[in-house]
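The values are calculated or read from the model by the stated rules, or taken from the named source; none is laboratory data. What you are looking at is a predicted structure, and each value in this text was computed from that prediction instead of being measured. Neighbour counts are summed over all protein chains in view; Cβ atoms, including those assigned to glycine, are modelled from backbone coordinates with ideal geometry.
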Amino acid sequence: MSLQGVLTDFGVADIFQLISQQQKTGILSVERHERTLEIHFVEGGVLRALPAESRPDSELGALMIRIGLLSDSDLAAAVRDQDGTRTPLAAVLVSRKLANRVVISTSRRLLTDETIFELFLWDAGRFSFRPCKIESSDMDSPVGAEMVLLDALRMRDEWAQIEDVLRDLNVIVKAQVDIEGFRTRRASVEAATGMQSRDLEKIFMLVDGHLSARRVIDLSRMGTFQGSRALAGLLREGLISVARLWSVGNRYSSRGPHRRPLLAWGIMAGCAVLAGVLLELPSPRALTDYPIPEDAVKEVRAAAITERLRAALETHRWAHGGYPDTLEKLAGVQGTVLAPLSVDRYSYFRSREGYILQRKLP
C-alpha cells in the first residue's frame, strides 16, 4: 500500500486507523514547515516515532541530555565511537556503561510519545507512507496503533485547557507552599487532573524558582503532556505560580540549509566586535550618582555574548543542515569568529521549534 496526501484531506487519526486495520509495516512521514516526523509501523503497531534525523540516533542522544540521563561530554565520546565503529548509538552507550538497556528503552519510549503528541497537534502538512522492512531490537517496545490513537486524541482534546493555564513553557515557576502545604492540598489536584500523587509530587519537588516549566518537565521524564498537565493543575490550585519569562533563545529558521549563511556571518562579526568593545569597558565605580548601574553594563555584555551564540547556532544550521546536539559542536564555528565563544554560563537543548538557549542564573 502506498499512501500520500495532505492532512487537511486525510487526518492523522484516519491514517493511523488505516495502517492499523491493514496491519502494514513501513514508515509514515509527515512534513510541516520543513520539519518531518516519522512513525515506524510493524504489522500495524507503532514500533517507534521520532523526528527525521541527519544522523542515526541524534534525536535519542539529544533527548537523553535534556532529561538528565546523559551529559554532553559522554554523548560526544559515544558519538566518536559510533563514527569509528558504525555501531548504533544505543549499543555504544551500553558498551561504555553510560546507560543500560532499560534506560535506553525508556528514553526511546519517551521520544516516541513526544513525537506522536506533537504530530497529533498538527492540522496541516503533507504525509506519505512507504512500505519497507523495519529493523527492531530488544530495546524497542511496540504499542498497538489503536491504543496510541486513543491516547493521542485524548491528549489533543485536553491540551487546549492546559494552554489556558500554562501558555508558555519557557516561564520560570516557583512554589507558593512548602512540601507539607503541598501534601495537605494534593488530593484536590489529584481529583482535578486524574494524576497519581507520586507524579504530582515529583513535579512539585522540581519547582525551585530557577527552572523553567520546560526544564521541570524534561527532568521529570514524564513527557510534555503529562508534565504540563501536572503543572497546570498545581497552578490552578495555587500551589505554584509563574515567576517570570527566562528563555533567552528559542529559534527556528525556515530557510533551507542550501543557502549560504551570509547574514549569520555578518551577525557573528558584528556581535564579536560589540562583545570585544564591551569586554574592554572598565567596570563602573560604586558611586551613587553614577549614571549607568553596574548591573546594566553586565546585562549588555551578557546580551552580546548571547547574540554571538545565536549567530553561531544559525551558522552551524546552514553549514550542516541542522542545529548541533550540544554547544561543544560549535567548536568548528568558533575558529571563524574574532573572539572565543563562552558556553559555560548557558544551558542548551534541542526543541520541537529548533532549540532552547538559556543563560544560567547566578
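Limited to the range 168-177, what total is found for residues that are more than 13 Å from residue 212 (Cβ to Cβ) and either aliphatic (A, V, I, L, M) or loosely packed, with under 13 Cβ neighbours inside 10 Å (or both)? So the count comes out to 2.
Just one of the listed residues (44, 26, 5, 11) is touching a His at 6+ places or on another chain (Cβ under 9 Å) and either farther than 19 Å from residue 60 by Cβ or not assigned by TED's automatic domain parsing to the domain that holds residue 129 (or both), and it is 26. Only one entry in 93, 50, 63 is at pLDDT below 95, in a strand (DSSP E or B) and buried (at least 17 other Cβ atoms within 10 Å of the Cβ), namely 50. Residues considered: 140, 72. Of these, the only one that is of a type in the set (Asp, Glu) and touching a strand residue (DSSP E or B) at 6+ places or on another chain (Cβ under 6 Å) is 140.
Scanning the range 298-339 for residues that are modelled with pLDDT of 70 or more, closer than 19 Å to residue 80 by Cβ and part of a helix (DSSP H, G or I) yields 316, 327, 328, 329, 330. So, in the range 178-222, of the ones that are in contact with a Gly (Cβ under 8 Å, 6 or more places away or on another chain) and either more than 21 Å from residue 65 (Cβ to Cβ) or among the aromatic types (Phe, Trp, Tyr) (or both), which residue ends up surrounded by the fewest Cβ atoms within 10 Å (Cβ to Cβ)? The extreme case among them is 192. Checking each residue in the range 18-47 for being in a strand (DSSP E or B) and among the acidic types (Asp, Glu) picks out 31, 38. Apart from one condition, residue 141 fits all of (1) under 30 Å from residue 229 (Cα atoms); (2) hydroxyl-bearing (Ser, Thr, Tyr); (3) modelled with pLDDT of 90 or more; the exception is (3).
Here the range 70-119 is the region considered, the condition is being among the polar types (S, T, N, Q) and touching a helix residue (DSSP H, G or I) at 6+ places or on another chain (Cβ under 6 Å), and the residue that is farthest from residue 12 (Cα to Cα) is 82. Taken together, the criteria exclude residue 55 from residues that are under 29 Å from residue 128 (Cα atoms), at pLDDT below 95 and assigned to a strand (DSSP E or B). Taken together, 146, 118 contain a single residue that is modelled with pLDDT of 90 or more and among the acidic types (Asp, Glu), which is 118.
Only residues that are at pLDDT 60 or above and either within 15 Å of residue 174 (Cα to Cα) or touching a helix residue (DSSP H, G or I) at 6+ places or on another chain (Cβ under 6 Å) (or both) were counted across the range 225-266, and they come to 19. As for the range 105-127, it holds at least one residue that is crowded, with 21+ Cβ neighbours inside 10 Å and outside any helix (DSSP H, G or I). Any residue in the range 26-42 that is closer than 14 Å to residue 147 by Cα and either of a type in the set (Val, Ile, Thr) or in contact (Cβ under 8 Å) with a residue 40 or more places away in the chain (or both)? Within the range 26-42 (the criterion being closer than 14 Å to residue 147 by Cα and either of a type in the set (Val, Ile, Thr) or in contact (Cβ under 8 Å) with a residue 40 or more places away in the chain (or both)), the answer is yes, since at least one residue qualifies. Can you name the residue in the range 200-245 that is assigned to a helix (DSSP H, G or I) and among the β-branched types (Val, Ile, Thr) and, of all such residues, is farthest from the chain's Cα centre (by Cα)? This residue is 203. Taking residue 45 as meeting all but one of (1) within 23 Å of the chain's Cα centre (by Cα); (2) in contact (Cβ under 8 Å) with a residue 24 or more places away in the chain, write down the number of the exception. Unmet condition: (1).
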